[in-house]
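Asks: One structure follows; several queries about it will come next.
The values are calculated or read from the model by the stated rules, or taken from the named source; none is laboratory data. Treat the numbers as computed from the prediction; the structure is a model and nothing was measured. Reconstructed Cβ throughout: ideal geometry from the backbone, glycine too, with neighbour counts over all protein chains shown.
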Amino acid sequence: MALLEIRDLHAAVEGDEILRGVNLIVEAGEVHSIMGPNGSGKSTLAHVLAGREGYRVTGGEVLFDGRDLLAMAVEERARAGFFLAFQYPVEIPGVSNTYFLKAALNAIRKERGLEELDAMDFMTLIKEKAALLKMDEALLKRAVNHGFSGGEKKRNEIFQMALLEPKLALLDETDSGLDIDAMQIVAEGVNALRGEDRAIIIVTHYQRLLNYVVPDFVHVLYEGRIARSGDKDLALELEEDGYRSVA
Amino acid sequence: MTSAAAPTGHDYVGAFAESENRLPGANVAWVRNLRRAALDRFAVLSFPTTADEDWRFTNLGAATKTDFQFPSLGREALSTAAFEDSAFADLGMARLVFVDGRFSPDRSTLSDLGGYITTLCAVLDDDPDRLRAHLGQHAKWQDRAFDALNTAFMTDGAVIDVPDGVTLDEPIHLHIISTADEQPMRSHIRNVITVGRGARATVIETHVGVGSGVYLSNPVTELVVGEDAVVDHTVLRHESPEAYHVGTLSARVCARGELSTHSLTLRGALVRGDLRCVLAGDHARAQLDGLYLATGTAHVDNHTHLEHAAPNCTSRELYKGILDGQSRAVFHGRILVHQDAQDTDSKQSNSNLLLSDDARVNTKPQLEIYADQVKCTHGATIGQIDADAVFYLRSRGISEAAARGLLVYSFANEVVERVNAGRVDHTNELGDRLAKHILAWLPQGDMIREALAA
């Protein structure tokens, strides 16, 4: 059984059909990249999978670990092991990163039948993960994403992913707005999470992150459908020729 | 003058005539004259109505028609159990307790408070003239009806006088209880706090109700922050759900002095808090924080009146409100910058979170600037819980209810964290208690506690 199976997924935003029959199978242990031009439906796909309001599924189904993903509440998806790294992480003034991470980690551990971590183990764990992402520990005490630079926000997303250890992580344009140093740090974080039990989907406009996190499969989303699939060389080809070659 | 009592439910003028000779300072001419002048002003001003711009959104309604009794001067008869049940009674610090306007020596730990703290009654008995420069000099009883009412009837309160250069290591807790009896009562506590040059003090006033009935609590605090002095002042209001509370803090900050205030309204049928602050000397600073929680049909009204009267002063105002049910809140923030108050730096912010469709807020900043070199900003927001933030939290596994609760809690936390931040001993008993109170108040409190447990 595949970890994620998307079958003929159709979705609309404000009456416009954006996804027009997406099919995709992702097995545990694989890294996929979904590329495509602006407006091809990449972010819509990410949001539909995460369960964001305002996106109406008009057809198809999504199985995650054998469960009907689209029937699950947003938080149930997260607890089942689905993680979305946001393209635009939300600033939450007043909620400290530490509080937030504690609440998230406890909710997910509870679902997995694990004990809640005590304060000391929790701090040890987040410090370890922060070091992995070369996160300034001062950021942990600050409000979630509040006043973070673009790069800090993206790093914070990957940091959360490292902490919550999802089965499937979907990185939505995580590379946008990152300088080359930050990109390498993020890539190291993502690579550290690659493993047999985990799958990663990298949604991106450009090929450059894929130099650091080498995908097993590359798909091109075009006008709401997967127009082409291939291996990492497809990304290079797109970089050369642009998306017109797909059309 | 007697006719002034006619439209009200209580004969204030008659009550004054009856009790005048028994009020503290009755045999001191200037105190007697002050009380009489204040009563005259009250008789002229009468209770404000919604025709008064400063009371436009707050209708005193039934409060003006209630026959509030002025308690006799006998000893208070509050049971120990009732006292211990009163919210915020024990903050683990030295305290002065007042019940229905009277000092309660048995429940106070005055001896732990050094020689700088005593009561209004004691000073007016022993050495009234030491108060002459301050009592009635900072409160605006000449044109504020409730300040006038308090000045006419003030029964007791704390007198805190910190000499130059002295740091009070411990905060002082003034626990001010009103008992809700079958017969509604009124109380008029008057505190006078003077903090000398380079001195430091933290004062916490907790105004709480015992029982659930109607009463009127009408406290006034006059506060002087000396040159280079640092003062942290909290007013917490947790009155009976049926109670009226109309109180004022009138502060004056001298050159290079720093004042932080925390106005915390947690409960009461109608709570009106006026904060008047004059930055009177060069480089004085004020940080005025407020938090109000309202539910049911509660009405909370905060008026801040900040005067930049000297150059190079800085002021920051942050008032936040959380409203549920059909509650109402009013925020009116007036900032007056005098002509010679050049290089004023002032920021005011009022944010409100509405948890129900029926709650309502009226917020009004009012800047009057007569100097030409000033930096003044203000902003007000009224909103609901941010849907994007709820989604973000849920996408990390946090339930929707806990996410909402966490966001509301965090909204309040910005103010809570600063309560006592200026304290000398760096403990934050009041802040911790306040955080617990907010969790208990929130419908999702248990969930947030659980979510944060680790």
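Asks: Within segment B:202-217, can you find the residues that are part of a loop (DSSP other than H, G, I, E, B) and closer than 16 Å to B:T265 by Cα?
Replies: Of segment B:202-217, the ones part of a loop (DSSP other than H, G, I, E, B) are B:211-214.
The answer is none; no residue qualifies.
Asks: Test B:S356 against the stated conditions and say whether it is away from chain A (no Cβ under 14 Å), within 22 Å of B:N59 (Cβ to Cβ) and surrounded by fewer than 16 Cβ atoms within 10 Å (Cβ to Cβ). Break it down into steps so the answer makes sense when it comes.
Replies: Details: away from chain A (no Cβ under 14 Å): yes; within 22 Å of B:N59 (Cβ to Cβ): yes; surrounded by fewer than 16 Cβ atoms within 10 Å (Cβ to Cβ): yes.
When the stated conditions are applied, B:S356 passes them.
Asks: Does A:E116 satisfy the criteria of being within 14 Å of chain B (Cβ to nearest Cβ), without any contact (Cβ under 8 Å) to a residue 24 or more places away in the chain and either part of a loop (DSSP other than H, G, I, E, B) or buried (at least 17 other Cβ atoms within 10 Å of the Cβ) (or both)?
Replies: Details: within 14 Å of chain B (Cβ to nearest Cβ): yes; without any contact (Cβ under 8 Å) to a residue 24 or more places away in the chain: yes; either part of a loop (DSSP other than H, G, I, E, B) or buried (at least 17 other Cβ atoms within 10 Å of the Cβ) (or both): yes.
Against the criterion (within 14 Å of chain B (Cβ to nearest Cβ), without any contact (Cβ under 8 Å) to a residue 24 or more places away in the chain and either part of a loop (DSSP other than H, G, I, E, B) or buried (at least 17 other Cβ atoms within 10 Å of the Cβ) (or both)), A:E116 qualifies.
Asks: Here's something else I'd like to know. Checking B:E414 against (1) within 14 Å of chain A (Cβ to nearest Cβ); (2) closer than 30 Å to A:F83 by Cβ; (3) surrounded by fewer than 22 Cβ atoms within 10 Å (Cβ to Cβ); (4) at pLDDT 90 or above, only one condition comes out false. Which one?
Replies: If we test B:E414 against (1) within 14 Å of chain A (Cβ to nearest Cβ); (2) closer than 30 Å to A:F83 by Cβ; (3) surrounded by fewer than 22 Cβ atoms within 10 Å (Cβ to Cβ); (4) at pLDDT 90 or above, just (4) comes out false.
Asks: State whether one or more residues within segment B:313-331 are in contact (Cβ under 8 Å) with a residue 12 or more places away in the chain, surrounded by fewer than 18 Cβ atoms within 10 Å (Cβ to Cβ) and acidic (D, E).
Replies: There is no residue in segment B:313-331 that is in contact (Cβ under 8 Å) with a residue 12 or more places away in the chain, surrounded by fewer than 18 Cβ atoms within 10 Å (Cβ to Cβ) and acidic (D, E).
Asks: List, please: which pairs have Cβ atoms under 6 Å, are six or more places apart or on different chains, and start with a residue in segment B:382-406 that is within 7 Å of another protein chain (Cβ to nearest Cβ) and closer than 12 Å to A:P89 by Cα and end with one that is buried (at least 22 other Cβ atoms within 10 Å of the Cβ) and of a type in the set (V, I, T)?
Replies: What qualifies is B:A389/A:I92; B:S395/A:V74.
Asks: Among the residues in segment A:25-47, are any out of contact with any Asp or Glu (no Cβ under 7 Å at 6 or more places or on another chain), under 15 Å from A:L221 (Cα atoms), hydroxyl-bearing (S, T, Y) and not in a helix (DSSP H, G or I)?
Replies: yes
Asks: Here's another thing I want to ask about it. Can you tell me which residue in segment A:80-94 is nearest to the other protein chains (Cβ to nearest Cβ), limited to those that are of a type outside the set (A, V, I, L, M, F, W, C) and touching a Phe, Trp or Tyr at 6+ places or on another chain (Cβ under 9 Å)? Can you show your working first?
Replies: First, pick out the residues of segment A:80-94 that are of a type outside the set (A, V, I, L, M, F, W, C): A:81, A:87-89, A:91, A:93-94.
Those still in the list that are touching a Phe, Trp or Tyr at 6+ places or on another chain (Cβ under 9 Å) too: A:81, A:89, A:91, A:93-94.
Working: A:G81: 10, A:P89: 7, A:E91: 8, A:P93: 7, A:G94: 3 Å.
Result: A:G94.
Asks: So which residues in segment B:169-188 are part of a loop (DSSP other than H, G, I, E, B) and in contact with a Ser or Thr (Cβ under 7 Å, 6 or more places away or on another chain)? Steps first, please.
Replies: Initial filter on segment B:169-188 (part of a loop (DSSP other than H, G, I, E, B)): B:169-171, B:180-184, B:188.
Hits for segment B:169-188 are B:P171, B:A180, B:P184, B:H188.
Asks: Kindly provide the set of residues from segment A:52-79 that are surrounded by 17 or more Cβ atoms within 10 Å (Cβ to Cβ) and at the interface with chain B (Cβ under 9 Å from one of its Cβ atoms), ordered by number. Step through it out loud before you land on a result.
Replies: Within segment A:52-79, the subset surrounded by 17 or more Cβ atoms within 10 Å (Cβ to Cβ) is A:52, A:55, A:60, A:62-64, A:69-70, A:72, A:74-79.
The answer is A:R52, A:V74, A:E75, A:E76, A:R77, A:A78, A:R79.
Asks: So is A:L49 within 13 Å of chain B (Cβ to nearest Cβ) and closer than 30 Å to A:V246 by Cα or not?
Replies: Numbers: within 13 Å of chain B (Cβ to nearest Cβ): yes; closer than 30 Å to A:V246 by Cα: yes.
Considered against the rule, which asks whether it is within 13 Å of chain B (Cβ to nearest Cβ) and closer than 30 Å to A:V246 by Cα, A:L49 comes out as yes.
Asks: In addition: Can we say B:A284 is buried (at least 24 other Cβ atoms within 10 Å of the Cβ), among the aliphatic types (A, V, I, L, M), under 30 Å from B:Q373 (Cβ atoms) and in contact with a strand residue (DSSP E or B) (Cβ under 7 Å, 6 or more places away or on another chain)?
Replies: Working: buried (at least 24 other Cβ atoms within 10 Å of the Cβ): yes; among the aliphatic types (A, V, I, L, M): yes; under 30 Å from B:Q373 (Cβ atoms): yes; in contact with a strand residue (DSSP E or B) (Cβ under 7 Å, 6 or more places away or on another chain): yes.
Yes.
Asks: Consider B:V192 carefully, then state whether it is more than 24 Å from B:G321 (Cα to Cα), assigned to a strand (DSSP E or B) and touching a residue at least 12 places away in the same chain (Cβ under 8 Å). Even if it seems obvious, please write down each step before you answer.
Replies: Details: more than 24 Å from B:G321 (Cα to Cα): yes; assigned to a strand (DSSP E or B): yes; touching a residue at least 12 places away in the same chain (Cβ under 8 Å): yes.
Judged against the criteria, B:V192 is a match.
Asks: I'm trying to understand the selection: among the residues of segment A:119-169, which are within 20 Å of B:L393 (Cβ to Cβ), out of contact with any Gly (no Cβ under 6 Å at 6 or more places or on another chain) and in a loop (DSSP other than H, G, I, E, B)?
Replies: Across segment A:119-169, the qualifying residues are A:M135, A:R142, A:N145, A:H146, A:G147, A:F148, A:E165.
Asks: Would you say B:D169 is closer than 18 Å to B:V419 by Cα, touching a residue at least 40 places away in the same chain (Cβ under 8 Å) and either buried (at least 23 other Cβ atoms within 10 Å of the Cβ) or touching a helix residue (DSSP H, G or I) at 6+ places or on another chain (Cβ under 6 Å) (or both)?
Replies: Numbers: closer than 18 Å to B:V419 by Cα: yes; touching a residue at least 40 places away in the same chain (Cβ under 8 Å): yes; either buried (at least 23 other Cβ atoms within 10 Å of the Cβ) or touching a helix residue (DSSP H, G or I) at 6+ places or on another chain (Cβ under 6 Å) (or both): no.
In short, no.
Asks: Answer yes if at least one residue in segment B:428-444 is modelled with pLDDT under 85 and facing chain A (nearest Cβ under 10 Å), and no otherwise.
Replies: no
Asks: Mind checking whether some residue in segment B:66-79 is surrounded by fewer than 18 Cβ atoms within 10 Å (Cβ to Cβ) and in a helix (DSSP H, G or I)?
Replies: Among the residues of segment B:66-79, not one is surrounded by fewer than 18 Cβ atoms within 10 Å (Cβ to Cβ) and in a helix (DSSP H, G or I), which makes the answer no.
Asks: Quick one: which strands (runs of 3 or more DSSP E) lie wholly within segment B:317-404 and hold at least 2 residues that are over 30 Å from A:K110 (Cα atoms) and charged (D, E, K, R)?
Replies: Here the list reads B:328-337, B:344-354, B:360-369.
Asks: Moving on. Here are some residues: A:L125, A:L164, A:L101, A:L105. Which one is aliphatic (A, V, I, L, M), more than 9 Å from every other protein chain (Cβ to nearest Cβ) and out of contact with any His (no Cβ under 8 Å at 6 or more places or on another chain)? Give the derivation first.
Replies: Working: A:L164 fails: more than 9 Å from every other protein chain (Cβ to nearest Cβ); A:L101 fails: more than 9 Å from every other protein chain (Cβ to nearest Cβ); A:L105 fails: more than 9 Å from every other protein chain (Cβ to nearest Cβ).
The unique qualifying residue is A:L125.
Asks: I'm trying to understand the selection: among the residues of segment B:219-253, which are farther than 18 Å from B:T202 by Cβ and surrounded by fewer than 24 Cβ atoms within 10 Å (Cβ to Cβ)?
Replies: Selection gives B:E227, B:H238, B:S240, B:P241, B:E242, B:S250.
Asks: Taking segment B:349-361, which residues are polar (S, T, N, Q), in contact with a Lys or Arg (Cβ under 8 Å, 6 or more places away or on another chain) and more than 20 Å from B:A286 (Cα to Cα)? Write out each step before concluding.
Replies: At the first step, the residues of segment B:349-361 found to be polar (S, T, N, Q) are B:349-352, B:356.
Now restrict to residues that are in contact with a Lys or Arg (Cβ under 8 Å, 6 or more places away or on another chain): B:350-352.
Across segment B:349-361, the qualifying residue is only B:N352.
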